[in-house]
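Worksheet for the structure shown next.
The values are calculated or read from the model by the stated rules, or taken from the named source; none is laboratory data. It should be emphasised that the depicted structure is a prediction, and the values quoted were computed from it without experimental measurement. In this analysis, Cβ positions are derived from the backbone assuming ideal geometry, glycine residues included, and neighbour counts consider all displayed protein chains. Side chains are part of the model used for accessible areas, which takes the heavy atoms of the whole protein and leaves out ligands, DNA and RNA. Shrake-Rupley method; radii C 1.70, N 1.55, O 1.52, S 1.80 Å.
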Amino acid sequence: MTAEIRQLETTPGPGRMATPQLRTLVVCDIADSTALVERMGDQNAANIIRKHDRLARALIEQHKGREIDKTDGFLLLFDRPVQAAAFALDYQRGLKHMSAAEGVVVRARVGIHMGDVVIWENAPEDVARGAKPIEVEGLVKPVAARLAQLARPQQILMSSAAAAIAHRAEGELGVKAAERVHWKDHGRYTFKGLPEALEVVEVGEDDVAPLHAPKSGRTAKKILPWWRRPLTLAAEAAVLAIGVGVGLWFLLQSPPTLAFTARDWVVVGNVHNLTGDRVFDQSVDSALRISLEQSQYVNVLPELSVQQTLQRMELNPDKTDVNRAIGSQVALRDGARALILPTVADVGGRVRVTAEVVDPNTQATVYSVSADGYGAQSVLPSLDSVSKQLRGKLGEALAMVSKQSLPLAQVATPDLNALRAYSLGERFYNRADLKNAESYFKAALLIDPHFALSRVYLAAIYEGEDRPRKAQQEILAAQADHNRLSARDALYVDAWASSYSMPGKSLAKWRLLATVYPDYFPGLANGAYFMWTYGNQFRAAIPYLERSVSPKNPHRATSEYLLGALYVEAGRYTDALRVFSKSVSDGAHFQNDYYASAYAAQHKFTSARTILDRGKASGITDFDLKDASTPVAMAVDQGDWQKAEKLLKSAQSRAKLAGFRVLSRYEIMGLSLRALDGTSANQQISELTNYLGLEEKVLSNTSQIGRQELKFQIALIAYLAAHAGDVKLATDALNLVRARSGEDTPVLDNMQGVAKAEIELMAGHPLDAIATLRALINGSELFITHVALMDAEDGAGDYAGALAEAHWLSSHRGRAYMESNSNQILAPFNIAESNLALSRAKNFSSDLHGVPPREGRSGAFM
């Protein structure tokens, strides 16, 4: 390293401005690095990249350069262009030898430019947090990066200014080296974002360099030399002037340097706090993210997604500063179009908030906006101003910016300390440290009791812990403070509140949220879940989840798991197994009952059992017991009714610890199987009568949460009672839940309709039953609807219709396993009926051809 560079490193000192220095910058970039990783795998590719890095660093030291930054390649600083050229030539030659030795092709592009740069040292505390020791800025950096982008693999491109000086000093390369080196002028190129065209020169060696003109691309275009005709010298100047004028006009009329379009993504980096006031450390970047998230034009990569990407980069998220270099890598990996870097500084007694929009491809600042104010209380209004400016710079219509920009003090909190507590809570929540997250969100509410976003997070924590009543309390409190929420968050809270109190009406609210904010992952995932749970609308929910499994969604593993379940219900088993496998690789931890169903529905019970054995219990009794229906259904599916009864009794025993809400699921599941296992009608009616009395008593004392489940169970009791021949008991049960209200869901309406039809059938009106059931069929109807319709058509003597229903039942095994019917309590019953339909189809076929007698319906499994 030269004395001049050492002096540059030490003279300015941390935080002090440096004077511009004439230096040469080199940008090296490994060509097709992503394809290399995909081809070789992470570990093998990492070994190759480490060897590449050792080669480059040895040559940097040999040629007296300085490493400034490292991504897929390097950003390097040299005193003189000839040193940069010598390094680049040795580097390309070394890569060729390394490729031959390793048996894998590793190629790089190199760009070199010379000009004034500003160099300064970062403060030691910033370096300790992950900042680079030395920073280099200036137009030279994006120019060198553009040259590297333009270069072909194995090519070294220099600006003509740097090439001319290096060429004059060619003798310093050595006689033998100089004999192999060629300097080739490729003409002038215009570069997107640069005000003037550049003369591009290639330096390279035989058998290493392409020595061909680089191709024009999206960011660089060659100015064709049609004007260099010797016989038209007089016209040349005029034509050239026109060409340059037209070129400049197009350059001035082009869109912003950063090609940002609606619904593109940005990464918000960590705030660079130069004030010394720690209250800004966690609060400013969170506040900027909240402000930008009001936009329907700009999408902000969730903070948890950034942390997950840092982990994939083998960096510690807690100790890594998302600065220009790191943030650019994150943006490139996650497909974000821009990096936004906020800074807070004390400038002449004023607090200045600045935000830079950085092109992650070049790490160059494309735009910079700022706002000033006096005192810490000015920071949030300044962030409001900065956010609006950024959205305008990125191309959002100013009318929409004004319409969708509420002040941070309104959509978050006016108190920076409350905002800092919220930011820390969000950070702990992202680490799944829910205890500390809860403490910080509560601390934020102690400072600002109307900080509604903190309540939304508390509700999410309580839902995850299966404390729905506490979650509802927080959601209702947030809804009461709806004027302290952004438009998007207010829609989200309103949909959640309806899911608790008026679930039948909540589906429209979730659909609205997903329509207005199509990239808001919580809206997509929850909307899909409730469409399935409350409406069995699995086909409508699938597109929501297919958007929610985006790599940008930090919770995509959960969405992938649910998507797999809906694919099973749709009979798309190959797709289901693919996304289930992806959910596991993305970190999903479930008991795998949905996953196992994808195999069981195909009669692959050994594979299903293996998947179940790999499952992981959550430790929350309600959640873990919810998954017990699949093993019971699998036992029934294989004809092992003794095992099914044993599994069911085990689930009932464990469910007693969780209370009646969970226990009732398995009690009702057992009652449904009594209709098929040979239990006498009188015994069934006795059991149903006793349980109906218990459910009626519980229903009268149950608030909104849990009422839908109880009402569904009572409607199912009505169906089972009618099926066993007790029309009065069935009618009494149905009357308990017949009254319509906004809380009733499509699934409950469906079950009530099936019970009504079964009563009609048993009262001797099969045609009325058929009409009632056919009105329910809409693509989302419950499996039991077709069971009842098969029986009704059989009772009406319509054997062709009954045969068609039997074929439907036996061919929709995925639906039998996975439909949403109040926590899958009907899965064992559905599977039993699906299998029974095979034998009944033979009976109906015989009836069609007048070949009696036939086997009856009941007792088929005994």
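What is the number of the single condition among (1) in contact (Cβ under 8 Å) with a residue 12 or more places away in the chain; (2) under 38 Å from the mean Cα position of the chain (by Cα) that Ser99 does not meet?
(1)
For the stretch 28-83, how many residues are of a type in the set (D, E, K, R) and touching a Gly at 6+ places or on another chain (Cβ under 7 Å)?
So the count comes out to 1.
Check Thr558 against each of (1) in a loop (DSSP other than H, G, I, E, B); (2) within 20 Å of Thr309 (Cβ to Cβ); (3) open to solvent by 10 Å² or more (accessible area, probe 1.4 Å); (4) polar (S, T, N, Q) and name the one condition it does not meet.
Against the list (1) in a loop (DSSP other than H, G, I, E, B); (2) within 20 Å of Thr309 (Cβ to Cβ); (3) open to solvent by 10 Å² or more (accessible area, probe 1.4 Å); (4) polar (S, T, N, Q), Thr558 comes up short only on (1).
Residue pairs, Cβ under 9 Å, 6 or more apart or interchain, first in the stretch 192-204 and among the aromatic types (Phe, Trp, Tyr), second crowded, with 23+ Cβ neighbours inside 10 Å. List them.
none
When you scan the stretch 273-343 for helices (runs of 4 or more DSSP H) that lie fully inside it, which ones turn up with 1 or more residues that are open to solvent by 40 Å² or more (accessible area, probe 1.4 Å) and among the hydrophobic types (A, V, I, L, M, F, W, C)?
Values: elements: 279-292, 303-312, 324-334.
Fully inside the stretch 273-343 and qualifying: 324-334.
Just to verify a result, which residue in the stretch 195-209, among those that are touching a strand residue (DSSP E or B) at 6+ places or on another chain (Cβ under 9 Å), in a loop (DSSP other than H, G, I, E, B) and within 18 Å of Ser159 (Cβ to Cβ), is modelled with the highest pLDDT? Can you show your working first?
First, pick out the residues of the stretch 195-209 that are touching a strand residue (DSSP E or B) at 6+ places or on another chain (Cβ under 9 Å): 196-206, 209.
Filter once more, so that each one left must be in a loop (DSSP other than H, G, I, E, B): 196-197, 206, 209.
Narrowing further to those that are within 18 Å of Ser159 (Cβ to Cβ): 196-197, 209.
Details: Glu196: 79, Ala197: 82, Ala209: 87.
Filtering first and then ranking leaves Ala209.
Among (1) free of Cβ contacts under 8 Å to residues at least 60 places away in the same chain; (2) closer than 28 Å to Arg333 by Cβ, where does Asp519 come up short?
Against the list (1) free of Cβ contacts under 8 Å to residues at least 60 places away in the same chain; (2) closer than 28 Å to Arg333 by Cβ, Asp519 comes up short only on (1).
Checking the conditions here, which among Ala715, Ala755, Ala724 is more than 30 Å from Lys509 (Cα to Cα) and small (Gly, Ala, Ser)?
Step by step, each of Ala715, Ala755, Ala724 is checked, and only Ala724 is more than 30 Å from Lys509 (Cα to Cα) and small (Gly, Ala, Ser).
Only one of (1) under 40 Å from the mean Cα position of the chain (by Cα); (2) within 22 Å of Val136 (Cβ to Cβ); (3) modelled with pLDDT of 90 or more; (4) buried (at least 17 other Cβ atoms within 10 Å of the Cβ) is not met by Phe87, so which one is it?
In the conditions (1) under 40 Å from the mean Cα position of the chain (by Cα); (2) within 22 Å of Val136 (Cβ to Cβ); (3) modelled with pLDDT of 90 or more; (4) buried (at least 17 other Cβ atoms within 10 Å of the Cβ), Phe87 misses (1) alone.
Which of the residues belonging to the stretch 119-137 are part of a helix (DSSP H, G or I), over 15 Å from Leu274 (Cβ atoms) and more than 33 Å from the chain's Cα centre (by Cα)?
Scanning the stretch 119-137 gives no hits.
Give Ala832, Ala837, Ala804 a once-over and let me know the one that is over 36 Å from the mean Cα position of the chain (by Cα), among the aliphatic types (A, V, I, L, M) and within 24 Å of Glu709 (Cβ to Cβ). Explain how you work it out, then say what you get.
On the way: Ala837 fails: within 24 Å of Glu709 (Cβ to Cβ); Ala804 fails: within 24 Å of Glu709 (Cβ to Cβ).
Step by step, each of Ala832, Ala837, Ala804 is checked, and only Ala832 is over 36 Å from the mean Cα position of the chain (by Cα), among the aliphatic types (A, V, I, L, M) and within 24 Å of Glu709 (Cβ to Cβ).
For Arg66, all conditions in the list (1) over 21 Å from Ala166 (Cα atoms); (2) open to solvent by 30 Å² or more (accessible area, probe 1.4 Å) hold save one; what is the number of the exception?
Evaluating Arg66 over (1) over 21 Å from Ala166 (Cα atoms); (2) open to solvent by 30 Å² or more (accessible area, probe 1.4 Å) leaves (1) as the failure.
Which condition number does Ile685 fail, the rest of (1) free of Cβ contacts under 8 Å to residues at least 60 places away in the same chain; (2) open to solvent by less than 10 Å² (accessible area, probe 1.4 Å) being met?
(2)
Of all residues in the stretch 565-581, how many are crowded, with 24+ Cβ neighbours inside 10 Å and farther than 22 Å from Ser305 by Cα?
Total meeting the criteria: 6.
Are any of the residues in the stretch 3-12 open to solvent by less than 70 Å² (accessible area, probe 1.4 Å), at pLDDT below 85 and farther than 24 Å from Ala131 by Cβ?
From the stretch 3-12, those open to solvent by less than 70 Å² (accessible area, probe 1.4 Å) are 3, 5, 8-9, 12; that's our starting set.
Subset that is at pLDDT below 85: 3, 5, 8-9, 12.
With the extra rule that they be farther than 24 Å from Ala131 by Cβ, the set shrinks to 3.
Yes, the conditions are met somewhere in the stretch 3-12.
Could you check the stretch 582-606 and list, in sequence order, the residues that are loosely packed, with under 15 Cβ neighbours inside 10 Å, modelled with pLDDT of 95 or more and among the hydroxyl-bearing types (Ser, Thr, Tyr)?
Thr606
List pairs: first residue in the stretch 763-781 and within 13 Å of Asp791 (Cβ to Cβ), second residue assigned to a loop (DSSP other than H, G, I, E, B) and open to solvent by 60 Å² or more (accessible area, probe 1.4 Å) anywhere in the structure, Cβ distance under 9 angstrom, at least six positions apart or on different chains.
As it stands, the answer is Pro766/Asp798; Ile770/Asp798, since those pairs meet every condition given.
Run down Leu55, Leu25, Leu36 and say which single residue is out of contact with any strand residue (DSSP E or B) (no Cβ under 8 Å at 6 or more places or on another chain) and either modelled with pLDDT under 90 or within 23 Å of Met158 (Cβ to Cβ) (or both).
Leu55
Of all residues in the stretch 71-81, which are in contact (Cβ under 8 Å) with a residue 60 or more places away in the chain and either open to solvent by less than 10 Å² (accessible area, probe 1.4 Å) or of a type in the set (Phe, Trp, Tyr) (or both)?
Filtering the stretch 71-81 down to residues in contact (Cβ under 8 Å) with a residue 60 or more places away in the chain leaves 71, 73, 75, 77, 79-81.
Of everything in the stretch 71-81, those that are in contact (Cβ under 8 Å) with a residue 60 or more places away in the chain and either open to solvent by less than 10 Å² (accessible area, probe 1.4 Å) or of a type in the set (Phe, Trp, Tyr) (or both) turn out to be Gly73, Leu77, Pro81.
Just for the stretch 492-516: of the residues that are free of Cβ contacts under 8 Å to residues at least 24 places away in the same chain and under 21 Å from the mean Cα position of the chain (by Cα), which one is surrounded by the most Cβ atoms within 10 Å (Cβ to Cβ)?
So the residue we want is Trp510.
Under 6 Å between Cβ atoms, at least 6 apart or on separate chains: pull out the pairs that start in the stretch 792-813 with a residue that is in contact (Cβ under 8 Å) with a residue 24 or more places away in the chain and end on any residue that is polar (S, T, N, Q) and buried (at least 22 other Cβ atoms within 10 Å of the Cβ).
From residues that are in contact (Cβ under 8 Å) with a residue 24 or more places away in the chain, the pairs are Leu809/Ser834; Ser810/Ser834; Arg813/Ser834.
Any residue that is outside any helix (DSSP H, G or I), over 22 Å from Thr745 (Cβ atoms) and modelled with pLDDT of 85 or more - is there at least one of those in the stretch 663-676?
Yes, because at least one residue in the stretch 663-676 is outside any helix (DSSP H, G or I), over 22 Å from Thr745 (Cβ atoms) and modelled with pLDDT of 85 or more.
Select from the stretch 457-491 the residues that are part of a helix (DSSP H, G or I) and at pLDDT below 90 and write down the one among them that is surrounded by the most Cβ atoms within 10 Å (Cβ to Cβ).
The qualifying residue surrounded by the most Cβ atoms within 10 Å (Cβ to Cβ) is Pro468.
Yes or no: Ala399 under 28 Å from the mean Cα position of the chain (by Cα) and of a type in the set (Gly, Ala, Ser)? So that I can check it myself, show each step before the final result.
Numbers: under 28 Å from the mean Cα position of the chain (by Cα): no; of a type in the set (Gly, Ala, Ser): yes.
Taking the combined requirement at face value, the residue does not satisfy it.
Counting only residues that are open to solvent by 70 Å² or more (accessible area, probe 1.4 Å) and not β-branched (Val, Ile, Thr), which one in the stretch 242-271 is modelled with the highest pLDDT?
Of everything passing the filter in the stretch 242-271, Arg263 is modelled with the highest pLDDT.
Which condition number in (1) out of contact with any helix residue (DSSP H, G or I) (no Cβ under 7 Å at 6 or more places or on another chain); (2) modelled with pLDDT under 90; (3) closer than 28 Å to Phe191 by Cβ is the one that Lys319 fails?
(3)
Residues of the stretch 710-746 being under 40 Å from the mean Cα position of the chain (by Cα), within 18 Å of Leu789 (Cβ to Cβ) and open to solvent by less than 10 Å² (accessible area, probe 1.4 Å), which ones?
Ala715, Leu716
How many residues are touching a Leu at 6+ places or on another chain (Cβ under 7 Å) and either part of a helix (DSSP H, G or I) or crowded, with 23+ Cβ neighbours inside 10 Å (or both) when one looks only at the stretch 693-706? Quick ask: steps written out before the conclusion?
Taking the stretch 693-706 first, the residues touching a Leu at 6+ places or on another chain (Cβ under 7 Å) are 695-696, 698-699, 702.
From what's left, either part of a helix (DSSP H, G or I) or crowded, with 23+ Cβ neighbours inside 10 Å (or both): 695-696, 698-699.
Number of matching residues: 4.
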